[in-house]
Each structure stands twice: as C-alpha cells, then as structure tokens.
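We did not get these values from a lab; they are worked out from the coordinates using the rules stated. What you are looking at is a predicted structure, and each value in this text was computed from that prediction instead of being measured. Quick reminder, even Gly has a Cβ in these numbers, built from the backbone with ideal geometry, and neighbours come from all protein chains shown.
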Amino acid sequence: MKKHVKNFLPPWLKKKISYLLHKISNRKVRNYYKSKFEKKVLISYIVSPFRKKMKMSHTNFYEAISVAKIFHELGYQVDIVHYESEGVDVVDYDVIFGFGEAFKTAFENPYVCDQKTICYGTGMHVNIQNTNTLRRVKEVYKKRRCWLGKSARFVEKTWTHQTMLVNGIIALGDESCKKSYELFYDGPVFSVPTPFYKTLDANSLIENRRDNSRRRFLWFGSSGLIHKGLDLCLEYFKMRPDLELHICGDISTEPDFEREFSNELYCTKNIFAHGFIDIQSSLFEKILLDCLFVIYPSCSEGGSASVLTAVGNGGLIPIVSRETAVSTGYEIPIKELSVDGISSAIDNALSLDDEKLMFLQKKNFEYVLNNNSQKNYYLSLKSAIGRLLV
C-alpha cells in the first residue's frame, strides 16, 4: 500500500521527501565518544557508520569508524559531519579531517588560522579520475554511438581546496595513487593500504579450487561500469567462448549500460551476470572456487577493495590495470585499457603452468592478507595522522 501511494506522489514532493530524509539521516554527530578532551576534531566523511550497524558492502564503514577511534585515542573530542553538509561551523576545531564542504568553508573563513587540515583521498586525485573516466566514456561512444555518461565515476564537486591548501594528504592505495596527488600538491602525502573484509579461508579455497578454473574469470565491482572496465571485459569474452566471465555487481542500477550491453550480458553463453553478491554468502564462496582470476581494468581507483576482497578471501590471481592502485608484486598487469590490453594480459595468464598458478595464488593471498588487513590499515593510518599532527 505504501509503495502504491508513493508512486502517485508528484515528483517535486518525492524530491522534497528524499532531501529531508537525507538531511535527517546525515545530521551531525556530536562528541561521539562523550569525552571531555579539550582538543576537537571534525571528521568530514560519512555519518551512517555512527548510526547503523557495520555493513560489509563497502569498506568505508570500517574506515570511518577507524578514523574516529584513532582521533579519540590521540586525545580529541570527535564530531562527524557528512561531506556534503553545507554551512558547518568549523571555527572551534583543532583539526579537520576527510574531504568535502567543510574544507571549502574552512579556507574561506578569515578567522580560522591554526587548524590542522588533513585530506583523506579515497581514490586517485580528482583531476586524474575525471579525465580518465570521461576518456573511457568517449571511447565507448566512438565504438557504439551511444553516450553512457552515467556509467562513469565523475566527481561533480571537486573541492580543490582540500587537495591544494591542506597540511597534508592521506591517500588510499599503492604508490600510484599517492603520486596522483603529488602531481598537483607540494605538501606531504602518505599512502595507506586499502583494507578489506575477510570472510573466508582463502587457503582452503586455493587447495580445493574447481577443475578448469583457469578458464574462469571474475569481474567484481560496484557502480561506474565503464569506469571499471566492464564494457571491455564484455567485448573480449564475447569473442572468447572457450573462456567464462562471471560478473558480481548490480548491473540494474545503470539501466542505460544494461540496455546497451544486454546481448553480451544475457545472451552470451559464457558470460554470467550474478547481480549483487553478499560476500558472506555461499554463492560468493562458490564463485571464488570456480574462478582462478579476478580481472579489473579500471581507469581510477584507491586500491580497489573489490579486487582485494577476491584475492584475500579466495586467493584469486589479480589481472589489473595500474590505475586500480593494487600492486602485490605478483599481479598480472593490464598494460593498456583496451580489448587488446585485456587480450594480452589474459594470454599471459593462460600461458602459465599449474605450478606457477599455484605459486601466484599463494603469493597474492599472502601479500593481501598481511598488507591489507584491517589491523595494518589501522596502524598505517594512525601513523600517518600522527605524523601530520606534529
């Protein structure tokens, strides 16, 4: 009945209700730990982790809680606002951490002088990301005469203050992500490893990998299907009926892309679109057992948590572009974001013998387990924050 009534609401009223619900759910969190510290930090990021139970759909839940906990341990009273919140009073804070409107407000306020400001870069520098993502959209248009801009990951509000005027930047991912900020910023930049959620015993999956798994590949990602190179994977695997592509991600959220690539997605016998997959489910475990490689030709990431999830839980061998900011030292690189680039990388993967494949599974898993554990992320982040507060 509620759904029936909602469908008859005028568009302006739906928009108004949606806006009010967003404002209410993302209202400011004040003194989260109820501490009496004199120093105060404003975290401008996401608010939901402080009002809801932990979700395993995105690592930003763990990241946000970690940031708050670290500042609490360092003796700060912790307030949190949503990064899009406008008109936030920033004067009384010793530190502003994160990204978004709060940074613009701080740097436009002549009475804010001695604050420490730390930008938290969850992906590559926005100039790199926006250029790369629109370049990929243009490439798809040239091939298919169809604009699929909604499948990009274009950052509308760049808040350039936070990547130019801050005291320092903390970037998620490997050195390539860090370097993307150093191209535009002359202050200190620290990289911290992207964390992942561990739900499965990868050693067991490696030992019990299905027969013929070397011919099965997993694409595991979220929104921005062109940005993350799913179109390139679909083009390639449509030409390779001897191989299988398994897709884990909610394609239906990008209907233009789904319509344009419906033949590849739903009418190609060796391509399987599983939809959104819970990483705690038995289906996720089955897919990891069936596949040997995770492929991700993304044009810009901050240490792709989805790739790390597949490697850290299933021991899959990553076939990735440099722009994913994932470098284990044992990955198979996609050297060019094109069908030819994917073809070359997969040919490389298919040429490896069983002994080498077992070696790469174990080495990639061991690296991710040690480097990208939640504990290592936490310690690395705390160290970086501490150094920037000096």
Neighbour-count ranking [beta-carbon atoms within 10 angstrom, fewest first] of Cys119, Cys146
Cys146, Cys119
Partner aspartates and glutamates whose C-alpha sits under 14 Å from that of Lys286, ignoring same-chain residues fewer than 8 away, are Asp201, Glu207, Asp211, Asp278
Compute the length gained on full extension between Glu108 and Lys179: take 0.36 nm times their separation in residues and subtract their Cα-Cα distance, giving the result in nm to one decimal.
22.8 nm
At what distance in nm do the modelled label points of Asp354 and Leu379 sit from each other, each positioned 7 Å from its Cα along Cα→Cβ?
3.8 nm
Flagged links, alpha-carbon separation over 20 Å, of Lys55/Lys363; Lys39/Lys375; Lys39/Lys69; Lys228/Lys375
Lys55/Lys363; Lys39/Lys375; Lys228/Lys375
Can you list residues from other chains, or at least 5 along the same chain, whose modelled amide H is less than 5 Å from the amide H of Lys40?
Gln77, Asp94, Val95
If a/c stays under 1.5 just call it rounded; otherwise compare a/b with b/c (prolate if a/b is bigger, oblate if not). Do that for region 131-248, with a ≥ b ≥ c from the square roots of the Cα gyration tensor eigenvalues.
oblate
Cα→Cβ-extended label distance, 7 Å offset, between Asn370 and Phe50, nm
3.6 nm
Here the chain gives, from Cα atoms, an Rg and Dmax in Å of 21.9, 66
P(r) histogram, all alpha-carbon pairs of region 202-371 included - 10 Å bins from 0, percent
11, 44, 39, 7, 0
Contour minus end-to-end for Glu86 and Lys36, with contour as 0.36 nm per residue of separation and end-to-end as the Cα-Cα distance?
15.3 nm
Filtered GluC sites (Glu not before Pro), region 131-235: DSSP coil and at most 11 other beta carbons within 10 Å:
Glu156
Coil-residue trypsin sites (Lys or Arg not before Pro) of region 242-301, DSSP, other Cβ within 10 Å capped at 12:
Lys269
For Ser35, residues with placed amide H under 5 Å, excluding near neighbours:
Val78
For the chain, what relative contact order do you get, as a whole percent, if you take Cα pairs closer than 8 Å and at least 6 residues apart?
14 percent
Name the residues of region 35-64 whose amide N is less than 14 Å from a point 7 angstrom out from the Cα of Val155 along the C-beta direction?
45
Would you calculate, for the chain, the mean residue ellipticity at 222 nm contributed by helices, counting each DSSP H stretch of 4 or more residues as -39,500 (n - 2.57) and dividing by all residues, to the nearest 500?
-12500 deg cm²/dmol
Residues whose modelled amide H sits under 5 Å from the amide H of Ile317, counting only those 5 or more places away in sequence or on another chain, are Phe293, Val294
For the Arg145, Asp347 Cβ pair and Förster radius 35 Å, calculated FRET efficiency rounded to 0.05 is 0.75
If the convex hull is drawn through the Cα atoms of region 41-116, its volume per residue in Å³:
86 Å³
Each residue of region 270-285 in order: what ³J(HN,Hα) in whole Hz does its phi give by Karplus 6.51 cos²θ - 1.76 cosθ + 1.60, θ = phi - 60°, with x for Gly and Pro?
9, 10, 10, 9, 8, x, 5, 10, 6, 6, 9, 8, 5, 5, 4, 4
Which residue, Asp174, Asp114, Asp250, has the most motion in a Gaussian network model of the chain that connects Cα atoms within less than 10 Å?
Asp114
Can you pull out the trypsin sites (Lys or Arg not before Pro) in region 187-217 that DSSP calls coil and that have at most 14 other Cβ atoms within 10 Å?
Arg210
